[in-house]
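Bear in mind these aren't lab numbers, they're just calculated from the coordinates by the rules spelled out. If you're wondering where the values come from, they're calculated on a predicted model, not measured in any experiment. Here the Cβ positions follow ideal geometry from the backbone for every residue, glycine too, while neighbour counts run over all protein chains shown.
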Number of protein chains: 2
Amino acid sequence: MNVIAAGDAAINAENFDALMTFYADDATLVIEPGRCVTGHVALRNAFVAIAEHFTHTLRVSQEEILVVEGAGTALVLAKTRIRATLKNGKPYDVLRRATYVFRREERGAWRCSIDNSYGTELLSSAPA
Amino acid sequence: MNVIAAGDAAINAENFDALMTFYADDATLVIEPGRCVTGHVALRNAFVAIAEHFTHTLRVSQEEILVVEGAGTALVLAKTRIRATLKNGKPYDVLRRATYVFRREERGAWRCSIDNSYGTELLSSAPA
């Protein structure tokens with residue numbers, strides 16, 4: 001999905017106005033386990049705070065993408081690489097197995113409705 | 001989501017007509033990695049074949065459920081327990097970290113648009 005590469009480029013360039021165009025108006029972003037925000041204003045504020053947290057060095061990319069489509073929605077499974085330099089100067093480099101939900105809008109465009117880079121890690125780590 | 005418990009009950013009772021009411025008309029089911037079917041007719045046939053494969057002993061239940069909602073869609077993360085007796089008499093008992101996508105229909109009901117019990121396991125097992 002080209003929209004994901006374009007979204008990553010917008011994050012990496014801190015072009016938050018462009019970034020919002022990839023999200024449905026009342027989309028939800030999982031900021032961290034247990035903390036979600038919904039809607040363009042809240043998402044934009046969250047991305048600004050995330051950029052600051054990562055000292056404006058955040059680089060997001062997808063190393064593998066798999067799309068399952070059904071009934072006007074798409075489940076995107078991805079290996080999302082997140083690299084940055086933290087405020088203490090240490091490198092941050094994680095690979096998440098992310099789950100993104102997209103929905104087809106009335107005019108045919110796909111927009112992200114749920115951005116959960118943590119995937120099934122949100123479930124408790126205990127096996128059952 | 002009560003709709004998930006009701007769906008599990010329909011699978012366990014092999015009530016496939018009731019089961020289909022929980023899926024959007026053109027929903028997609030991931031039967032196994034690399035194999036998907038779309039639409040009520042194909043889904044119903046798949047569930048009939050799955051029931052036969054598991055010698056009519058299939059029991060599906062959710063041991064943990066987490067819902068993230070945004071823009072008229074819901075991402076359901078679940079620990080899905082699948083128990084059955086195989087044709088060779090051996091027990092089958094797995095716990096999957098599943099990802100289900102639901103969408104709100106025009107009349108307000110939630111129906112499953114993507115049923116992927118394999119979650120992010122569909123991605124290659126290599127770390128990157």
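Taking a point 7 Å from the Cα of A:D17 along the Cα-to-Cβ direction, the residues of the range A:42-72 with backbone N closer than 16 Å to it are A:44-45, A:48.
Tally Lys/Arg at +1 and Asp/Glu at -1 over every other residue whose Cβ is under 13 Å from the Cβ of B:F47; what's the total? Intermediate results must be reported in sequence, preceding the final value.
On the way: positive: B:R44; negative: B:D8, B:E14, B:D17, B:E52, B:D115.
Once all neighbours under 13 Å are counted, the net charge is -4.
Could you give the C-alpha radius of gyration of the range B:1-107 expressed as a fraction of 2.2 N^0.38 Å, taking N as the number of residues it contains? Please report the intermediate quantities before stating the final value.
Working: Rg = 14.0 Å, N = 107, 2.2 N^0.38 = 13.0 Å.
Here the Cα radius of gyration is 1.08 times the empirical estimate.
Here the residues A:T99, B:T28, ranked from fewest to most Cβ neighbours within 10 Å of their Cβ, fall in the order B:T28, A:T99. Multiplying each eigenvalue of the alpha-carbon gyration tensor of the protein assembly as shown by 5 and taking the square root yields semi-axes of 34, 20, 15 Å, largest first, rounded to whole angstroms.
With the label put 7 angstrom out from Cα along the Cα-to-Cβ vector, A:E52 ends up 6.2 nm from the copy partners, going from closest to farthest.
Centre-to-centre separation between the Cα atoms of the range B:66-128 and those of the range A:25-96: 22 Å. Ranking of B:C36, B:C112 by neighbouring Cβ atoms within 10 Å, starting from the fewest: B:C36, B:C112. In order along the range B:69-79, phi translates into HN-Hα couplings of 10, x, 6, x, 10, 9, 9, 9, 9, 8, 8 Hz, rounded to whole numbers, per the Karplus curve 6.51 cos²θ - 1.76 cosθ + 1.60 with θ = phi - 60° and x for Gly and Pro.
Only helices enter the 222 nm calculation for chain A: every DSSP H run of n ≥ 4 contributes -39,500 (n - 2.57), and dividing by all residues gives -7000 deg cm²/dmol, rounded to 500.
Per residue of A:46-52, what is the mean number of Cβ atoms on other protein chains within 10 angstrom of that residue's Cβ? Working shown, then result.
Values: counts 0, 0, 0, 0, 0, 0, 0.
Partner Cβ neighbours, averaged per residue: 0.
How would the range A:47-98 be classified by its alpha-carbon gyration tensor: rounded, prolate or oblate, with rounded meaning a/c under 1.5 and the a/b versus b/c comparison settling the rest?
prolate
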